Amino acid sequence: MAHETYETHEYDIIVIGAGGSGLRAAVEASQVPGLKVAVITKSLLGKAHTVMAEGGVAASFGNLDAPDGWETHFYDTMRSGHFINNYRMAEIFAKEAPDRVLELESWGAVFDRTQEGRIMQRPFGAHSFRRLCHIGDHTGLELIRTMQYKAIHSGIDVFQEVTMTKLLVHNGRVAGAFGYFREDGRFVLFRARAVVLATGGWGKIFKVTSNSWESTGDGAALAFRAGANLMDMEMVQFHPTGMVWPPGVRGILVTEGVRGEGGLLYNSEGERFMQKYDPERMELSSRDVVARSIFKEAQAGRGTPHGGAWLDISHKGPEYVKAKLPGMYEQFLTLADLDITKERFEVAPTCHYTMGGLRVDPETCATNLPGLFAAGEVACGLHGANRLGGNSLSDLLVFGRRAGMGASEYVNGGDGFAPIDDSELQQEMDRVLEPFHREDGVNPYHVHERLQEIMTNHAGIMRSGPVLEEGLNKLLELKEEARNMGINGSRIYNPGWHAVFDVENMILLCEGIIRSALERKESRGAHWRTDFPDELPEWQKINFVESYDEGKIRIRTEPVNEMPENLAKLFTYGKAPGLAKQAGGKES
Amino acid sequence: MSDEFTLKVWRGDKSGGQEVEYHVPAETGMVVLDALHHIQHNQAPDLAVRWNCKAAHCGSCGAEVNGQPKLLCKTRMDDYAGETVSVRPMQTFPVIKDLVTDVSWNYQVAKEIPLLEPTSPAPFKMQQIDADRVQEFHRCIECFLCQDTCHVLRNHEGQQKYFGPRFMAKIAEFEMHPMDGEDRIPLLAHQAGLNMCNVTKCCTEVCPQHIRITDNAIIPLKERVADRYYDPIKILLRRLGGKKGEPGKANTPVAN
Amino acid sequence: MAQPLETTSAQKPKSSAKPKPYWVEPLITMVILGVWVLYSLWEVFFHNSGTYGNYISPYFSPGVGKWFGWHLLDGLYVAWVPFLFRFSCYYYRKEYYRGFFWDPPSCAAVDKPRPRYSGETKWPLAINNLHRYFWYLAFIVLVFLWKDAVQAFFFKNGFGVGIGSLLLLINAVLLTFYTFSCHAFRHMVGGRKDCFSCDGKPTTSYKLWNRVSSWNMFHGTWAWASLASVWAADLYIRLLSMGVIHDVRLF
């Protein structure tokens, strides 16, 4: 094999991933004078999965509902997470979210307004108050565009379309990352004193998913192999409303905003079936509940022609729908020939978010691997067993910033660059080029399709022990086969080649998901086991933490941190603190 | 509907290329990107096409379908029933491979545009009617189809002289923001090359987000530039008012 | 003929029809505008007056020449105003740049590089940046055209309605829409401001801007319609004065 070369860049901090949290982290780190910061992304800047967020960003301003406050937001978050969240993360999050949103506003984001000229907030599933600041139904686009322009004006270098294949570690400390440019396949080494991972989730492990192709869990897999711990991997969120028909659009997200703005769910018998499952919150119940309800209705033979439920917003009138949900209107019109201002439409659950991920410290977002930080969907702890709609966008901002701060503090207090082992890099380059030498190897796209099939059939919305076991066996077989993935063509922008590494990463994480799902012998939040249908109090006290050791996944339990008294008190009123305060206020 | 679609996809790289014909089984509601994925997964794994969300949110998959600049994920195959669908990369940007082009120029231009300079700290007091005007530009997904179709950039080697429609909308977004105190009119009149545009509206016609770039961004900006640089009476009044050489504040009407 | 795209709402593209070759649209524009310009030149340079009884052709109104006692080529003193107003109009600019200059020939075609293109940065095309001044002048002309339209209903023998009266009235109405849907006017009434409601309430300027904006969406429609009405009104009066036809009085 010819001797391969690579180019080298040195930065104090590299941020891998250019979604909301990555950009927010980079912006924060760049505020520290003298620090050289780079953002590395595997697609173009501003295209990250953050753009897909539609409904809004949750922050308890109380612009419309004055009793709202951080306590209530905290309460809602913990409750929807079924109490396996890290309480400290939820606390920081609820307290800091409003400031982060205002920051966005001063950087150019223009949210919808209230009559008084303040930021408009819309209701959303399982939020006690109207809380989601939004701009129509493209809030994620607004967030990433604002962050993108802020970032390029903050002296940050951006490397676009770079695939990272390895996280480098020296003496138990992060030394940088290695990968190649997609454009021409040339190798590149980033030496760094700290690395922030903001690579998002791995929703592409399912066939029906609202996630973009990028969500292949690269960062989580890279970090896991390098020694970082994963937690709560069994928790995968299914969004209740994805498009169903025609086949090509299956899984594309229908924003929760449709229900937030008054959309109603019906089964094939014309019944508002949410009445049965959550009479109090109805359509605006938490996502796990609504998704499961739609699934159950379809199972019971009350589904729509293509196995979902009807969602209807037409009663709100065309003007209103077009103003508040322009993207949805257009999406259905062009892709499904359907006018949502006049007709109801089919929806079904679609894989949406991965609550699990790298275990981090709530204050600094540091992982257990020194020098490695993580924020956003790749990190874990805030959302517990089920994420609230709108919490992900504020998560990106709050913990993106904290990761940026954490990394710059670490760099300022720490040592210089860790040394790089050239032979390790030579080995890595050989490994990365290997698929080109297996021209008759397995097609990576087909491996991906089979992986999706396994996950859908064995670890989807409804799980049980034996089915999971069977899935694990199939997955391990597929893993063996995947060692033989091969491609042809050149190194210039070769998607088949890129897919090889995506698939490898996903297979690793899927194994983690199934193993963790087998361990959690109860139903909690998004994790629904038909063989253990109840939520059991003793399981509320533990998280499952995974580590990677010589090619094997080890799994252990860690206790969920207990809330201090002042926070625990918030759960004693029998309702959300804001509502309790409101009721109390009225009485006095 | 026939059971099969025929596509001609441009394959090649910097050194050149040609159209290659593929056949793809038809499926209800299929978009061009679906067809390309089918080719990629089964016939040509190295077929290069940029895409992310496949839901017209990210703006990655701009290309030219039968000569028209389109988002591949939003262009239905059955719109071309019975025809051969030709897919080529955007012409205005240098090709990297197949349907992927080098759009890095756009990211350089983006750096030249000054950000919002708030006149007061957030939270802003702002009415929806003021938000409405700028929110239209916030819908932009940066697919760069407008940049692709813009003849100034495409035919007239205008990349040195004109930022292109995407960035006129971006400037308008800041410039018309009620809380903005920065003045981008000199930038528009000079480096950004606003008057290279001859308002022929191709950008508006191809915009997948239906932003009325020409009517709502470019023309209003042209009028603002005219206020400052072309209107003799306003220039005279400004001189008499002793504001010579001082850049006008964007928040105040220029002539007063 | 291309109309302004009503793009605020999504439209399902109709595409079963074969697309026309890219040069069809600019060619149509070129022919129509070309014929109109030739007709106008003939009208202005070969006629001294456009009056027939109480009808005054829009080409010859106001009668600036008569005010000063010049009796040669009366149309010449005023016809340049609407001509330059239309020449510098943002809508016509699109049409003639596409139709006559082929900048661009179409939104999709590949063209040879022409690095000498300078857009509207240099004279004479930079004059288009003074569209507002032609608007001011066109506004004055419009006042006279309304006067003419009213006058067209008062015949020697008193009030009446002829085809000519109606043509002049329709012409005045269409020109009013065309004039007040102008992009420069939209800027003047409110577009130049960044803030429509900084004191919490929509300002008058916002309301005006909003109204003009809604008309402005159809500026191209008004442009073509008023072009046709000017032409029709003038042709009618010309044919009357040439004795080719006789005015039809409705009552």
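The values are calculated or read from the model by the stated rules, or taken from the named source; none is laboratory data. All values derive from a computational prediction rather than experimental measurement. Heads up, the Cβs are rebuilt from the backbone with ideal geometry, glycines too, and the neighbour counts pull from every protein chain shown.
Observations
- Index of the failed condition, B:GLU157 passing every other in (1) facing chain C (nearest Cβ under 9 Å); (2) among the acidic types (Asp, Glu); (3) in contact (Cβ under 8 Å) with a residue 24 or more places away in the chain: (3)
Table: residues versus (1) farther than 23 Å from A:VAL560 by Cβ; (2) of a type in the set (D, E, K, R).
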| site | (1), (2) |
| --- | --- |
| A:TYR6 | yes, no |
| A:ALA18 | yes, no |
| A:GLY34 | yes, no |
| A:LYS47 | yes, yes |
| A:GLY55 | yes, no |
| A:GLY62 | yes, no |
| A:TRP70 | no, no |
| A:GLY81 | no, no |
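- Of all residues making up the stretch A:205-238, the number that are surrounded by fewer than 24 Cβ atoms within 10 Å (Cβ to Cβ) and charged (D, E, K, R): 2
- Restricting A:GLY55, A:GLY69 to residues that are crowded, with 24+ Cβ neighbours inside 10 Å and either more than 14 Å from chain B (Cβ to nearest Cβ) or within 19 Å of the chain's Cα centre (by Cα) (or both) narrows the list to A:GLY55.
- Filter result (of a type in the set (S, T, N, Q) and under 24 Å from the mean Cα position of the chain (by Cα)) within the stretch A:511-540: A:SER516, A:SER523, A:GLN540
- Tabulated pairs, the stretch A:465-477, first free of Cβ contacts under 8 Å to residues at least 24 places away in the same chain and part of a helix (DSSP H, G or I), second basic (Lys, Arg) and buried (at least 20 other Cβ atoms within 10 Å of the Cβ), C-beta under 8 angstrom, 6+ apart or interchain: none
- Residue within the stretch B:131-138 that is out of contact with any strand residue (DSSP E or B) (no Cβ under 9 Å at 6 or more places or on another chain), on the phi > 0 side of the Ramachandran plot, crowded, with 22+ Cβ neighbours inside 10 Å and away from chain C (no Cβ under 13 Å) present: no
- You will find that of B:GLU223, B:GLU182, B:GLU173, the residue that is touching a residue at least 60 places away in the same chain (Cβ under 8 Å) and either assigned to a helix (DSSP H, G or I) or more than 7 Å from chain C (Cβ to nearest Cβ) (or both) is B:GLU182 and no other.
- Residue identified as surrounded by 21 or more Cβ atoms within 10 Å (Cβ to Cβ) and in contact (Cβ under 8 Å) with a residue 40 or more places away in the chain among C:ALA184, C:ALA232: C:ALA184
- The residues on offer are B:VAL95, B:VAL32, and the sole one that is more than 17 Å from the chain's Cα centre (by Cα) and surrounded by fewer than 23 Cβ atoms within 10 Å (Cβ to Cβ) is B:VAL95.
- C:VAL110 fulfils the conditions (1) over 22 Å from B:LEU194 (Cα atoms); (2) more than 7 Å from chain B (Cβ to nearest Cβ); (3) without any contact (Cβ under 8 Å) to a residue 24 or more places away in the chain except for a single criterion, (2).
- Among residues of the stretch B:66-83 being more than 10 Å from chain A (Cβ to nearest Cβ) and buried (at least 20 other Cβ atoms within 10 Å of the Cβ), the one that is nearest to A:GLY201 (Cα to Cα) is B:LEU72.
Every residue, every condition in (1) outside any strand (DSSP E or B); (2) in contact with a Cys (Cβ under 6 Å, 6 or more places away or on another chain); (3) not assigned by TED's automatic domain parsing to the domain that holds B:LEU47, yes or no:
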{"site": "B:LYS70", "(1), (2), (3)": "no, no, no"}
{"site": "B:LYS74", "(1), (2), (3)": "yes, no, no"}
{"site": "B:ASP79", "(1), (2), (3)": "yes, no, no"}
{"site": "B:GLY82", "(1), (2), (3)": "yes, no, no"}
{"site": "B:VAL109", "(1), (2), (3)": "yes, no, yes"}
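- Test: A:VAL39 is closer than 16 Å to A:GLN148 by Cα and either modelled with pLDDT under 95 or of a type in the set (Val, Ile, Thr) (or both): yes
- Qualifying residue in the stretch B:118-127 (condition: without any contact (Cβ under 8 Å) to a residue 24 or more places away in the chain, within 16 Å of A:GLU105 (Cα to Cα), facing chain C (nearest Cβ under 10 Å) and more than 12 Å from the chain's Cα centre (by Cα)): yes
- Answer residue from the stretch A:527-552, given it is hydroxyl-bearing (Ser, Thr, Tyr) and out of contact with any helix residue (DSSP H, G or I) (no Cβ under 6 Å at 6 or more places or on another chain) and is farthest from A:GLY357 (Cα to Cα) among those: A:THR530
- For the stretch A:539-559, the set of residues classified as in a strand (DSSP E or B) and surrounded by 15 or more Cβ atoms within 10 Å (Cβ to Cβ) consists of A:ILE542, A:ASN543, A:PHE544, A:VAL545, A:GLU546, A:SER547, A:TYR548, A:ILE553, A:ILE555, listed by residue number.
- In this structure, B:PRO186 does not satisfy being out of contact with any strand residue (DSSP E or B) (no Cβ under 7 Å at 6 or more places or on another chain), more than 27 Å from B:ASP227 (Cβ to Cβ) and surrounded by fewer than 22 Cβ atoms within 10 Å (Cβ to Cβ).
- Residue that is out of contact with any Cys (no Cβ under 6 Å at 6 or more places or on another chain) and modelled with pLDDT under 95, where the choices are A:ARG450, A:ARG438, A:ARG431: A:ARG438
- If you go through the stretch A:481-496 and pick out every residue that is within 14 Å of another protein chain (Cβ to nearest Cβ) and either under 25 Å from the mean Cα position of the chain (by Cα) or free of Cβ contacts under 8 Å to residues at least 12 places away in the same chain (or both), you end up with 3.
- One residue stands out among those in the stretch B:28-51 that are part of a loop (DSSP other than H, G, I, E, B) and more than 19 Å from A:HIS446 (Cα to Cα): the one that is nearest to the other protein chains (Cβ to nearest Cβ), which is B:GLY29.
- Matching option when the condition is among the small types (Gly, Ala, Ser), in contact (Cβ under 8 Å) with a residue 60 or more places away in the chain and within 18 Å of A:GLY22 (Cα to Cα), among A:ALA375, A:ALA385: A:ALA375
- Residue match in the stretch C:143-152 (condition: farther than 21 Å from C:SER181 by Cβ and at pLDDT below 90): no
- All of C:GLU95, C:GLU120 fail the test of being within 10 Å of chain B (Cβ to nearest Cβ), at pLDDT 90 or above and either surrounded by fewer than 16 Cβ atoms within 10 Å (Cβ to Cβ) or touching a Pro at 6+ places or on another chain (Cβ under 9 Å) (or both), apart from C:GLU95.
- Only helices (runs of 4 or more DSSP H) whose full extent lies in the stretch C:14-101 are considered here, and the ones with at least 2 residues that are in contact with a Gly (Cβ under 9 Å, 6 or more places away or on another chain) are C:24-46, C:76-87, C:90-96.
- Restricting the stretch C:147-193 to residues that are among the charged types (D, E, K, R) and not in a helix (DSSP H, G or I), the residue that is nearest to C:ALA233 (Cα to Cα) is C:LYS156.
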